[in-house]
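Every number here is computed from the coordinates shown, using simple stated rules; none is lab data. Note that the coordinates shown come from a computational prediction; the quantities given were computed from them, not determined experimentally. Here the Cβ positions follow ideal geometry from the backbone for every residue, glycine too, while neighbour counts run over all protein chains shown.
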Amino acid sequence: MAKTETKERGSITKVRRTIQYMFLFATYLLGLRHVMPGRESTGGAFDAFCPMGGIETFFRYIATGQTLKTTNLLNFAILIGVIGVSLLAGRAFCGWMCPIGTLQDMLAGWARRLSGGSKPKARGKRSKAKFPMELPPIVDKWARYLKYLVLLIVLIASVWTVYPPLRDICPARALFSFELGEPLLVSVLITFIITSLLIKRFWCKYLCPLGAFLAITNKFAPLRVTIDKNNCTDCGRCEAECPVDIPAIPENMRNLECVQCLECVETCAVEDTVVLKLG
Ligand code: SF4
Ligand code: SF4
Ligand code: SF4
């Protein structure tokens, strides 16, 4: 039986938000540093700090011993760190650290407030706001495969390109590099903002090749969210709080789409039903 009908935002969410904002702030500082005087001391281009850059330059480095332009060995170091987190906790990087994910969460919150839904007082309640909205289930289902196609295209293209294939259309550069002299990057920035306001984590769900790359770790990472179906009352609270709108949770929690945010753990009002487990 449900212990309480409502549940206030709790400590997991607060800790997660704090960590997300710290990474967001650090990324903006990094971008700012790269447009300030003394750029030669910044450790290379802004791109060199991106884990996706390590994937983009991987084949070139294996084949020639050289990295693509604007990437360097730092990309590999950061990618290895992200893979390390993922091997332990699946896509926790997406739910707790990635500044692009954080900005999308913020934009979704603003969209909700601007379209008639105040910040929900209780967890697990569906907002009355018009935005962000969800795509029809069948469209959403197939659109989520697009990111794997993007990853494949990037890997193939990286064999022939000189710069990282995503560089000119990369939301990370558009959002954090402060190098907005390029019309294409400005278009990416505007598109990113609009899509994030309309649909929760649009980039993450449908297009991000790094998310696609990390998704497989959700299948075997030892630290994961589990559900005791015998206790579940099918109240729908976990589904309402899920930032990536995973279809058919709670049954479907061990899903490639899960970003291990633990909002479902925090939201479920039935004790010991949704828990984080090691092993
Ligand atoms: S899916 Fe991509 S953009 Fe989204 S949080 Fe994960 S790495 Fe970041
Ligand atoms: S299933 Fe739970 S942990 Fe996974 S993304 Fe949704 S709310 Fe977060
Ligand atoms: S697992 Fe989800 S649907 Fe089941 S009781 Fe908990 S919040 Fe409700």
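Assorted remarks:
- Summed side-chain charge close to F76 - residues other than F76 whose Cβ falls under 14 Å, Lys, Arg +1, Asp, Glu -1: -1
- Cysteine residues of the chain whose Cβ has no partner cysteine Cβ closer than 4.7 Å: C50, C94, C98, C170, C204, C208, C232, C235, C242, C258, C261, C268.
- Among the GluC sites (Glu not before Pro) in segment 194-279, those placed in a DSSP loop whose Cβ has at most 14 other Cβ atoms within 10 Å are E251, E271.
- Residue-wise HN-Hα couplings along segment 237-254, as the Karplus relation 6.51 cos²θ - 1.76 cosθ + 1.60 with θ = phi - 60° gives them from phi, are 5, 5, 5, 5, 8, 4, x, 10, 6, 5, x, 6, 7, x, 4, 9, 6, 7 Hz; Gly and Pro carry x.
- Here the simple spin-label model places points 7 Å from the Cα toward Cβ, and for V186 and W142 these points are separated by 3.6 nm.
- Overall, the chain carries a charge dipole of about 480 debye about its Cα centre when +1 sits on the Cβ of Lys and Arg and -1 on the Cβ of Asp and Glu, all other atoms neutral.
- Put simply, the amide H of I199, placed in the peptide plane, has neighbours under 5 Å in M133, leaving out anything fewer than 5 places away on its chain.
- GNM top mover of V186, V139, V82 - the chain, alpha-carbon springs below 10 Å: V139
- Estimated Rh, segment 11-217: Kirkwood, alpha-carbon pairs, angstrom: 18.1 Å
- Counting every other Cβ atom within 10 Å of each residue's Cβ, L146, L24 order from fewest to most as L146, L24.
- Cα long-axis angle, helix 73-89 against the chain (0 to 90 degrees, to the nearest 10): 20 degrees
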